[in-house]
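Peer 1: My questions all concern the structure below.
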Amino acid sequence: MAIVDQKRSALPVPYAMDPTLPDRVPKERYFDPDFYRLEVDRLWPRVWQMACRLEEIPRPHDFVEYEILDQSVVVLRTDDMGVRAFENACRHRGVRIVQGRGTCESGFKCPFHGWCYGLDGANSGIPRRKSFAPHNVEPGDVDLVPVRCEVWGGCAWINFDNDAPPVRECMEPAATILEAWKVESLRAEKWYAARLPVNWKLAIEAFVEMYHVVVTHPQLDIPGMRYSLRPGAPFDPRAFINAEIEYLQAMSDGMDGMVHANDVRVAEGLRGMELPADPELAISTWNRALNDAVMRWHRERRADIPDINELDEHGFNETFYPCFPHYFVLPMYSGASSYRFRPLGPEETLMEIWSLARFGEGEEPVTPTPPEVWECDDPRWPPIPAQDFSNIPRQQKGLHANGFEYMRLNERLEGHISNLQRTVDGFLAGLPYERLLPALHVVNVAPFDKPVLDLGF
Ligand code: FES
Ligand SMILES: [Fe+2]
């Protein structure tokens, strides 16, 4: 259970998590400007950030701009279908050379005075070059500044720290499991964006535990469903199947994805199947039959899908895989939801939600365009995010109450919050990667209801 070494002292970070009380989160971590500043200086410059989905830049010379805090990065698809990234700042007087996204022919031209850069970021032209003093236009010193960029899991990732271990290594063990689940063959079908008036960690923490589900999402609390079965209570296989299908439908409608509508239809086709009277056997029989049917449906359409029964046998069947600090994949059957969070200020966050699905070759949807950013109370939100978004602005306000000092976490069900917060402290304390990497390997582990765990610091 709660296995934290109580002898270790707190890291030299203001409002640090107390290692002797890792189930308490000081409230200042969610709004204090100095704490936020420390994250800006010491966390975000050292972590892998999901910069874009690869289908946003499907062809050579396609580019997108990724913004984090006051930094802007151009992510470019190269001729060999690789990806590279540069700081989005002209070396002359600093103008951002691109805005948004697009396709370039042979490079970029700054809109101010026309300095040019090739696809490799090298400076390829300076109008009236000879009129500059030589020390200001020295070759090699006027190229776009490269940013580390790697591809993993269907996304391009950037990191401002050249010493960070590779992205895949930082995302373990989620990386291995998501690869086995063929995360890279998913395509974005829908894309939403929300402006949330809350701290970025508070936003994330609304989605990392199941403790809130019964109260916040009552439509998911369906009697007879596998999660509601009580040991020894009478079991009705027919009612069980109906409850499972009702749950899948509620998830699919509620998230506008995650459980793909096609998978719900596949499940619907199994409604009449016979199940054993023993609950455990019934659940495994149902799972296997639904997995088989979902795989068959996709293979008939030549969509790339792994053997999800085999993954179940390996325990690779959680519905939540975090990639610290700001990205999640939430797989269910053939599809997934995926989230990205970016701070816009101490108490403001941009959250994006993608609905990911598998398509046959040539059937992929068109490249998604960035969504309009909706406020969290926008009536267009699907029901599940709408319910989550109804709580967190109230929570952010409540944290400021004079008598409220710290969040008190359920150490068994809300441990992920403590693990995430203490990993943040590791970065803020400037720990070396030898010590951060093992912590990342603890925090990037499913499932939702995870206890407080030892991170090694
Ligand atoms: S600022 Fe880019 S060319 Fe002058
Ligand atoms: Fe929720």
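The values are calculated or read from the model by the stated rules, or taken from the named source; none is laboratory data. The structure presented is a predicted model; accordingly, all values stated were derived computationally and were not measured. Cβ atoms come from the backbone with ideal geometry, glycine included; neighbour counts cover every protein chain shown. In case anyone asks, the SASA skips ligands and DNA or RNA and just uses the protein heavy atoms, side chains included. Shrake-Rupley method; radii C 1.70, N 1.55, O 1.52, S 1.80 Å.
Peer 1: If you filter segment 273-356 for GluC sites (Glu not before Pro), then keep DSSP loop positions with at most 10 other Cβ within 10 Å, what is left?
Peer 2: Answer in residue order: Glu274.
Peer 1: Leaving ligands, DNA and RNA out of it, work out the accessible area of Val198 with a 1.4 Å probe and give it in Å² to the nearest 10.
Peer 2: 0
Peer 1: Moving on. In whole Å, what three semi-axes, largest first, describe the equivalent ellipsoid of segment 392-432 built from its Cα gyration tensor (square root of 5 times each eigenvalue)?
Peer 2: Ellipsoid half-lengths, sorted descending, are 23, 15, 9 Å.
Peer 1: Sticking with this one: Short version: ³J(HN,Hα) in whole Hz for each residue of segment 267-277, in order, from phi by Karplus 6.51 cos²θ - 1.76 cosθ + 1.60 (θ = phi - 60°), x for Gly and Pro, what are they?
Peer 2: Going residue by residue, I get 4, 4, x, 9, 4, x, 5, 8, 10, x, 6 Hz, with x marking Gly and Pro.
Peer 1: Next question. To the nearest 10 degrees, how steep is helix 433-443 against the longest Cα principal axis of the chain, on a 0 to 90 scale?
Peer 2: That helix lies at roughly 30 degrees to the long axis.
Peer 1: Compute for the chain: radius of gyration divided by Kirkwood radius, i.e. Rg/Rh, restricted to C-alpha atoms, rounded to two decimals.
Peer 2: 1.00
Peer 1: Loop only by DSSP, 11 or fewer other Cβ within 10 Å of the Cβ. Give me the trypsin sites (Lys or Arg not before Pro) in segment 76-183 that pass, ordered by residue number.
Peer 2: Arg93, Arg128
Peer 1: Total Lys pairs in the chain closer than 20 Å by alpha-carbon, pairs eight or more apart in sequence or interchain only?
Peer 2: Pairs that pass both the separation and distance tests number 6.
Peer 1: Further question: From Cα pairs below 8 angstrom and at least 6 apart in sequence, can you work out the relative contact order of segment 49-159, rounded to a whole percent?
Peer 2: About 28 percent, as a whole number.
Peer 1: Charges only on Cβ, +1 for Lys and Arg, -1 for Asp and Glu: so what's the dipole of the chain about the Cα centre, in debye to the nearest 20?
Peer 2: Rounded to the nearest 20 debye, it is 1020 debye.
Peer 1: Rounded to the nearest 10 Å², what accessible area does Val147 have for a 1.4 Å probe in the complete protein model?
Peer 2: 10
Peer 1: Can you show me the helix-derived [θ] at 222 nm for the chain, built from DSSP H runs with n ≥ 4 at -39,500 (n - 2.57) apiece and divided by the number of residues, rounded to the nearest 500.
Peer 2: -8000 deg cm²/dmol
Peer 1: Can you give me the relative contact order of segment 391-457 as a percent, contacts being Cα pairs under 8 Å and 6 or more apart?
Peer 2: Across segment 391-457, relative contact order equals 40 percent.
Peer 1: For the chain, give the share of DSSP beta bridges that are antiparallel, in percent and rounded to the nearest 5; count only bridges with both residues there.
Peer 2: In the chain, approximately 95 percent of DSSP beta bridges are antiparallel ones.
Peer 1: How large a share of the accessible area of the chain, in percent, is made up of carbon and sulfur atoms when the probe is 1.4 Å and the other protein chains stay in place?
Peer 2: 51
Peer 1: How much accessible area does Asp236 have with a 1.4 Å probe, in Å² rounded to the nearest 10?
Peer 2: 80
Peer 1: With every protein chain left in place, what is the accessible area per residue of the chain in square angstrom, probe 1.4 Å?
Peer 2: Counting only protein heavy atoms, the per-residue value for the chain is 44 Å².
Peer 1: From the phi angles alone, apply the Karplus equation (6.51, -1.76, 1.60; θ = phi - 60°) to segment 210-223 and give each ³J(HN,Hα) in whole Hz, x where the residue is Gly or Pro.
Peer 2: 9, 4, 7, 4, 4, 8, 6, 10, x, 5, 8, 9, 9, x
Peer 1: OK, next. What is the chain's relative contact order, in percent, from Cα pairs under 8 angstrom and six or more apart in sequence?
Peer 2: Relative CO of the chain lands at 23 percent.
Peer 1: Give a quick list of GluC sites (Glu not before Pro) in segment 48-126 that DSSP marks as loop, anything other than H, G, I, E or B, with at most 16 other Cβ atoms within 10 Å.
Peer 2: For GluC sites (Glu not before Pro) across segment 48-126 that sit outside H, G, I, E and B with at most 16 neighbouring Cβ atoms in 10 Å, the list reads Glu105.
Peer 1: Additional query: Provide the per-residue ³J(HN,Hα) series for segment 451-456, in order, calculated from phi with Karplus coefficients 6.51, -1.76, 1.60 and θ = phi - 60°, each as a whole number of Hz, with x at glycine and proline positions.
Peer 2: Working through the residues one at a time gives x, 5, 10, 6, 9, x Hz.
Peer 1: I'd like the orientation of helix 415-428 relative to the chain: the angle between its Cα long axis and the longest Cα principal axis, in ° from 0 to 90, rounded to 10.
Peer 2: Helix 415-428 sits at roughly 20 degrees to that axis.
Peer 1: Hey, what angle do you get for helix 383-398 against the long axis of the chain, alpha-carbon based, 0 to 90 degrees rounded to 10?
Peer 2: 70
Peer 1: For segment 214-313, take the convex hull of the Cα atoms, compute a quarter of its surface area, and give me that in nm², please.
Peer 2: 6.9
Peer 1: Can you list the residues of segment 69-104 with backbone N under 13 Å from a point 7 Å past the Cα of Asp120, pointing along Cα to Cβ?
Peer 2: Residues passing the 13 Å test: 79.
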